[in-house]
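Worksheet for the structure shown next.
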Amino acid sequence: MKRLFRHRGWVQALATLLTNANLRGFARGGIYTGAAKRICVPGLNCYSCPAATGACPIGALQAVLTGNQHNFSFYVTGTLLLIGVLLGRLVCGLLCPFGWIQELLHKIPGRKRKVPKAVDRPLRKLKYGVLLLFVLALPTFVVDGFGLGVPWFCKWICPAGTLEGGIPLVLTNASLRANLGFMFWWKMCLLLLTIAFSICIYRPFCRYICPLGAFYSLFNRISLARLECNEGGCVSCGRCASACPMEISLPAKLNSAECIRCGKCMNACPEGAITFRFGLARVREELR
Amino acid sequence: MRKHWCARRWMQLAAIAAAVGCIALGLARGEAAVVLRKAVFVCLECIGVAG
């Protein structure tokens, strides 16, 4: 399993390719319209990306909430719940295409910055507000006379939609190009800000804004995929804490809501005290 | 310690059961079709072309 985390970049690339397998879409300037689009992918990946073969869970959730048929989406919530309890934020660390893009941007040489804790801590709670307000409340309750709402997060915030869907489609589709207005340029500004911040801060969108990460983080403590520390093997050298790109107090908060399971702590531990485990909680082993 | 691990195991099992139940209920209500109908058209809000 350690090897999987050592080659995490390749796993992320493969996950991105599998999520966006319809590469012909970029040339055609259209999107995939097959039946697989009813299935939600685990990561943040705009379904208007020409290559996308599945539905973005955040977009899908808003699609159901903004319609006038259902006030709640059991299908998408159940899918997110299942992924959350199985993997937690391992999705962020291994499977999310937009997370991978931010990591690649962070590899661009330049001055890397750490956000002061006084600013960082309250900002990390912002993603829960984005989830509650822009993904759940506003699309559900702000509706027109026909009972139809607007996907507020996709419309006003999501830079993944602009990068993966907006730019490729606008470049290849003349009719879309002719209809560009304020919204497009607003979202371009947000995308450019995300890119600029990603170069100097590690995964800023995942830390502060991503509603999908916020949802999965609720399950990090109970998910089947988790990190474990053998306290007898830990020599308190602090290498895990300094290796953690999410700046978590390790090894004390090993399965913190902020942990994206990148496995860097595991690889940094000289004693091999941190391990990855997938499975139900071991009752009997603890009783021994 | 025993209580903690037992609780986590039960929470995992309950969450998996709830998730499977929710997915089945959502499929029965036709929500997957709603998702498909939305996802097969270019989302103008997502790409920033809608006004």
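The values are calculated or read from the model by the stated rules, or taken from the named source; none is laboratory data. Values in this document were obtained by computation on a predicted structure and should not be read as measured data. As a convention, Cβ positions derive from the backbone with ideal geometry for all residues, glycine included, and neighbour counts pool all protein chains shown. We work out accessible area using only protein heavy atoms, side chains counted, and drop any ligands, DNA or RNA first. Shrake-Rupley method; radii C 1.70, N 1.55, O 1.52, S 1.80 Å.
Longer than 18 Å from Cα to Cα, which of A:Lys107/A:Lys264; A:Lys155/B:Lys38; A:Lys107/A:Lys127; A:Lys2/A:Lys127; A:Lys37/A:Lys155 are they? Say none if no pair is. Too far apart for the 18 Å limit: A:Lys107/A:Lys127; A:Lys2/A:Lys127; A:Lys37/A:Lys155. Would you tally the net charge around A:Met183, using a Cβ to Cβ cut-off of less than 9 Å, leaving A:Met183 out, and scoring K and R as +1, D and E as -1? Value of the local net charge: +1. With contributions of -39500 (n - 2.57) from each DSSP H run of at least four residues, the per-residue ellipticity at 222 nm computed over chain A stands at -11500 deg cm²/dmol.
In whole angstrom, the protein assembly as shown maps to an equivalent ellipsoid with semi-axes of 34, 24, 18, each derived as √(5λ) from the alpha carbon gyration tensor and ordered largest first. Which residues make up the longest stretch of chain A that has no GluC sites (Glu not before Pro) in a DSSP loop with at most 16 other Cβ atoms within 10 Å? The segment A:1-230 is the longest one with no such site.
Between region A:121-194 and region A:240-278, the C-alpha centres lie 33 angstrom from each other. For chain B, rounded, prolate or oblate, judged on the Cα gyration tensor with a ≥ b ≥ c (square roots of eigenvalues), a/c < 1.5 rounded, else prolate if a/b > b/c? The shape class here is oblate. Near A:Ala51, once Lys and Arg are set to +1 and Asp and Glu to -1 for all other residues with Cβ below 11 Å from its Cβ, the sum equals +1.
Here the relative contact order of region A:2-217, from alpha carbon pairs under 8 Å that lie six or more residues apart, stands at 28 percent.
Measuring nothing but alpha carbons in region A:189-288 and taking Rh as the Kirkwood radius, the Rg to Rh ratio lands at 1.04.
Scattering from region A:44-101 was approximated by placing one identical point on each alpha carbon and applying the Debye formula without solvent; log10 I(q)/I(0) at 0.21, 0.24 1/Å stands at -0.89, -1.05. Mean partner shielding of peptide A:30-42, defined as the number of other chain Cβ atoms within 10 Å of each residue Cβ, is 4.
Residues of region A:181-200 whose accessible area, computed with a 1.4 Å probe over protein heavy atoms, drops by at least 20 Å² once all protein chains are present relative to their chain alone are A:Met183, A:Phe184, A:Lys187. Expressed as a whole percent, the accessible area of chain B that falls on carbon and sulfur atoms is 73 (1.4 Å probe). Rounded to the nearest Hz, the phi-derived 3J(HN,Hα) couplings of region A:217-230 under the Karplus curve 6.51 cos²θ - 1.76 cosθ + 1.60 (θ = phi - 60°) are 5, 5, 9, 4, 6, 10, 5, 5, 7, 7, 9, 10, 10, 7, where x marks glycine and proline. Taking amide H positions as modeled 1.01 Å from N, with prolines and chain starts lacking one, the residues under 5 Å from A:Cys40 and 5 or more places away or on another chain are A:Ala55. Take each residue of peptide A:68-81, count the partner chain Cβ atoms within 10 Å of its Cβ, and average: the result is 6. Annotation for the A:B interface, with buried accessible surface near 4100 Å², both sides summed [1.4 Å probe; non-protein components not counted].
Highest GNM mean-square fluctuation among A:Arg207, A:Arg111, A:Arg177, for chain A modelled with Cα contacts below 10 Å: A:Arg111. A 1.4 Å probe run over the protein chains yields, for chain A, 46 Å² of accessible area per residue, whole-number rounding. Per-residue Karplus couplings for region A:14-30, computed as 6.51 cos²θ - 1.76 cosθ + 1.60 with θ equal to phi - 60°, are listed in order as 5, 4, 5, 5, 5, 6, 10, 7, 7, 5, 4, x, 5, 6, 7, x, x Hz, Gly and Pro entered as x.
Taking amide H as placed 1.01 Å from N in the peptide plane, A:Ala21 has its amide H under 5 Å from the amide H of A:Thr53, each at least 5 places away in sequence or on another chain.
Would you look at the GNM of chain A, springs on alpha carbons closer than 10 Å, and say which of A:Pro122, A:Pro211, A:Pro57 moves the most? Taking springs between Cα atoms under 10 Å, the residue moving most is A:Pro122. A straight line joining the Cα centroids of region A:199-214 and region B:20-51 runs 25 Å.
For B:Val40, the shell of other residues with beta-carbons less than 12 Å away shows a net charge of +4, using +1 for Lys and Arg and -1 for Asp and Glu. Here B:Leu25 and A:Lys253 are evaluated by their C-beta separation; at R0 = 35 Å the FRET efficiency comes out at 0.50.
The value of relative contact order for region A:225-287, using C-alpha pairs under 8 Å at least six residues apart, is 45 percent. Each 5 Å bin from zero holds the following percent of Cα-Cα pairs in region A:72-158: 3, 10, 11, 18, 23, 15, 10, 6, 3, 1, 0.
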